[in-house]
1. In segment 51-73, what residues are closer than 17 Å to I114 by Cα and surrounded by fewer than 16 Cβ atoms within 10 Å (Cβ to Cβ)?
2. Only residues that are surrounded by 14 or more Cβ atoms within 10 Å (Cβ to Cβ), at pLDDT below 95 and part of a strand (DSSP E or B): list them for segment 263-307, please.
3. Going through segment 103-154 one residue at a time, which ones are more than 30 Å from F169 (Cα to Cα), surrounded by fewer than 16 Cβ atoms within 10 Å (Cβ to Cβ) and within 24 Å of the chain's Cα centre (by Cα)?
4. Criterion first (of a type outside the set (V, I, T), surrounded by fewer than 21 Cβ atoms within 10 Å (Cβ to Cβ), over 23 Å from H369 (Cα atoms) and in contact (Cβ under 8 Å) with a residue 60 or more places away in the chain) does F200 satisfy it?
5. Checking the structure you have, find out if any residue of segment 345-357 is out of contact with any Cys (no Cβ under 8 Å at 6 or more places or on another chain) and crowded, with 19+ Cβ neighbours inside 10 Å.
6. Among the residues of segment 310-344 satisfying the criterion of being in contact with a helix residue (DSSP H, G or I) (Cβ under 6 Å, 6 or more places away or on another chain) and in a loop (DSSP other than H, G, I, E, B), which is surrounded by the most Cβ atoms within 10 Å (Cβ to Cβ)?
7. Out of curiosity, is L180 surrounded by fewer than 20 Cβ atoms within 10 Å (Cβ to Cβ) and either small (G, A, S) or in a strand (DSSP E or B) (or both)?
Amino acid sequence: MEKNLILIVGLVWLSFFSTSALAQETNTTWPTGDSSEQFHLSPQLLMGQIIPHRHEMQHLIQGQSSGIALQFIRRKNFSWWGMYQKQPITGVELYYSATGNRKQLGDQFALNYIMYRPYGKSKRKLWYGLGLGMAYATKTWNLHENYQAPVISTHLNACLTLHAHYPIFQTQKTDWLLGLRMTHMSNGSFQLPNLGTNNFQLSLQYQPRLILRKKPVNIIDILPGFQRTRFFSFTFAGGFKETFQPLGKKYPVCNFQFTYAKNINWRHRISFGADYLYQPALKKLWDKYKGIQATPSQCMQAGVAIGYQSIFGFTTFSIQQGYYLYSPWMENGRFYHRLSIRRNFGMNYNGKKGFIYAGLFTHWAKADHIEVGCGFDL
């Protein structure tokens, strides 16, 4: 079945390429590249494998993954935040991939918001991108029918995509790009088991050459507060975490963050912060594994973190590496990690210093919980 799917996708790809090449040969009046800011359909052929990042997954990797992604993308000639990002390519992606083990891992679908930035000054630039969205897995862990696949227990999951590709062949109006992408699916321990999947795949993509118009741009703008060179922010977030499967009880998680951020340039920041977490789920773990009736202080954790932030106007992506200064529960080690996104409110609102926030709290490649909350800049 997977070989048939690959053959069909390959024929569609070849047909699309032949049609594009024929159109280009018969119409020599087209200008070089595209600068209309319109959306374009860009297909992507994928081939790779799910990487078993935990030993519990080793027996599930039985073949290669294959799939296709359809991206609807455009490149605006100018936006005030894009000026610092070399006017990135943005759009929406529809993703499908067979996992190589359809019986136990099934197939994966996703809908992502995608963004690519160029790197380098030559005409052939490396493009590196980030995608965030929601994913659907056709197979989940099941105590009766699929008990040997303790990977993902919910059909609906969060999706994170990292992608880098480089044009290996170019014409006046098209780019053919070869790249490497990682597509991660996880439910953030909302329901166990949740090892998540990391699908590493080679990509071959057809894309119009999205060229910027060359014209002078005059800007008169007032930068919002969160674009200052340095500032403090306070974040309050919460989530839910399951302790034991099947149908284990879900416990709330409370998290306070205090962060100092300093600009490296208009695109990047470095941050330093302090965290406080209260996790009632730890009381259950103390009782189950240690036979101890835990006190509230034994369910608390506090740490410090250093991070990197990438700025896209009102939106900021952040990666943090943390270290517990206080954590009576040490089964997960001293280190923790956080992937997060925040969106500041517009300048026309009274709450212009406020923002909404979502994050994934992990211990290395193992998700601990998903956080959702809000905050404000001091």
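The values are calculated or read from the model by the stated rules, or taken from the named source; none is laboratory data. Treat the numbers as computed from the prediction; the structure is a model and nothing was measured. Because the Cβ atoms are built from the backbone with ideal geometry, glycine has one as well, and the counts that use them run over all protein chains shown.
1. The answer is L70, F72.
2. Hits for segment 263-307 are N263, R269.
3. Answer for segment 103-154, where residues must be more than 30 Å from F169 (Cα to Cα), surrounded by fewer than 16 Cβ atoms within 10 Å (Cβ to Cβ) and within 24 Å of the chain's Cα centre (by Cα): M134, T138.
4. Considered against the rule, which asks whether it is of a type outside the set (V, I, T), surrounded by fewer than 21 Cβ atoms within 10 Å (Cβ to Cβ), over 23 Å from H369 (Cα atoms) and in contact (Cβ under 8 Å) with a residue 60 or more places away in the chain, F200 comes out as yes.
5. The answer is no, given that none of the residues of segment 345-357 is out of contact with any Cys (no Cβ under 8 Å at 6 or more places or on another chain) and crowded, with 19+ Cβ neighbours inside 10 Å.
6. Step by step, filter segment 310-344, then rank; the result is W329.
7. Yes, satisfied.
Matching residues to (1) farther than 25 Å from P193 by Cβ; (2) in contact with a strand residue (DSSP E or B) (Cβ under 6 Å, 6 or more places away or on another chain):
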| residue | (1), (2) |
| --- | --- |
| K121 | yes, no |
| K125 | yes, yes |
| Y128 | yes, yes |
| A137 | no, yes |
| A149 | no, no |
